[in-house]
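The values are calculated or read from the model by the stated rules, or taken from the named source; none is laboratory data. From a predicted model like this one, the values you see are computed outputs, not experimental measurements. Virtual Cβ from ideal backbone geometry, glycine too; neighbours counted across all protein chains shown.
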Amino acid sequence: MLVARDQVNQAAAVILTSVGGARALGVPEDRFVYLHGQGDANELTIMERPDLSASPSAIAAGRKALELAGKTVDDMAVFDFYSCFPIAVFNMIDGLGIAPDDPRGLTLTGGLPYFGGAGNNYSMHAIAEAVAALRARPGAFGFVGANGGMLSKYSAGVYSTTPADWSRPEARRARIPYDPVPGLEVDAATGEATVETYTTTTTRSGPVIVVIARLPDGRRVAANQASEAAFAELAAREPIGRRVRLETDAEGFNRFTFTD
């Protein structure tokens, strides 16, 4: 009930043109909706991120879109946050200071778990819904935020029926730079480490526990284990913060065992 449903065949389209082009096509001006500010960001790879639970680049993209529009979160009448998983929503609303129960709501479509959508193209539907909502509220502003991958990239836009000057595109659109963190991940490791996070997955051979662990020098390594003993330990105690011993097997896979 909390994750995206992408087995839905549907389509959305947005026609983007100049004001002169729209007038030439005979589009009534009360149908015009303008992009006021837009920010793009790419995030570090998962193993490079200082905090595995956050995507600061996504928040920076949202803030930049608002900044270029000359608006704040309080000025927004409607929102749609890409909602493939709860973290994609909470990362943004926590970073922008929006309460989960904000009366304006967090989605215009109903969200990916209920609306569906074809992967990243869901946000095309969100923009189409924002256009309809803002046409019904002339002068109001709306925010659409689009996530891609595992909080891997983000794009945010601010829209309104109020005209926006795009004679200088750089004044309305920005890409957020980021600095890579080299050397944080190692492919193989042997010895003691501390579990930073974990998940479970299912393979043809059965369920597997996957952990990301920190070595004593701060570097990260991924390892897995499929033994019954490991699953018993997982059920008995929260693994985050626990010590594990790492070994690289003959096939080059990192395996772990709990040691505390």
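Quick look at the values:
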read-out: Which numbered condition I93 fails, given (1) closer than 30 Å to A223 by Cβ; (2) within 12 Å of the chain's Cα centre (by Cα); value: (1)
read-out: Residue pairs meeting the criteria (Cβ under 9 Å; at least 6 apart or on separate chains; first at negative phi and in the same structural domain as R172 (by TED's automatic domain parsing), in the stretch 46-69; second part of a helix (DSSP H, G or I) and charged (D, E, K, R)); value: A54/D94; I59/D94; L66/D75; A69/D75
read-out: Selected residue (criterion: surrounded by the fewest Cβ atoms within 10 Å (Cβ to Cβ)) from residues of the stretch 190-217 that are in contact (Cβ under 8 Å) with a residue 24 or more places away in the chain and not in a strand (DSSP E or B); value: P216
read-out: Options L112, L106, L151: the member that is surrounded by 19 or more Cβ atoms within 10 Å (Cβ to Cβ), assigned by TED's automatic domain parsing to the domain that holds H36, modelled with pLDDT of 95 or more and not hydroxyl-bearing (S, T, Y); value: L106
read-out: Top-ranked residue of the stretch 11-29 - restricted to ones that are surrounded by 12 or more Cβ atoms within 10 Å (Cβ to Cβ) and in contact (Cβ under 8 Å) with a residue 24 or more places away in the chain, ranked as farthest from the chain's Cα centre (by Cα); value: V19
read-out: Meets criteria (part of a helix (DSSP H, G or I), crowded, with 21+ Cβ neighbours inside 10 Å and either touching a residue at least 24 places away in the same chain (Cβ under 8 Å) or of a type in the set (A, V, I, L, M) (or both)) for G117; value: no
read-out: Among the residues listed as A156, A189, the single one being aliphatic (A, V, I, L, M) and more than 27 Å from I98 (Cβ to Cβ); value: A189
read-out: Of all residues making up the stretch 188-198, the number that are modelled with pLDDT under 95 and β-branched (V, I, T); value: 1
read-out: Residue count, the stretch 245-260 (criterion: within 30 Å of the chain's Cα centre (by Cα) and in a strand (DSSP E or B)); value: 3
read-out: Qualifying position, being surrounded by fewer than 20 Cβ atoms within 10 Å (Cβ to Cβ), out of contact with any strand residue (DSSP E or B) (no Cβ under 9 Å at 6 or more places or on another chain), at negative phi and touching a residue at least 60 places away in the same chain (Cβ under 8 Å), among P169, P180, P163; value: P180
read-out: Residues being of a type outside the set (D, E) and out of contact with any helix residue (DSSP H, G or I) (no Cβ under 9 Å at 6 or more places or on another chain) - total across the stretch 51-70; value: 5
read-out: Residue satisfying condition, being closer than 15 Å to L134 by Cβ and not assigned by TED's automatic domain parsing to the domain that holds A146, within set V33, V14, V78; value: V14
read-out: Residue count, the stretch 218-232 (criterion: part of a strand (DSSP E or B) and more than 25 Å from the chain's Cα centre (by Cα)); value: 2
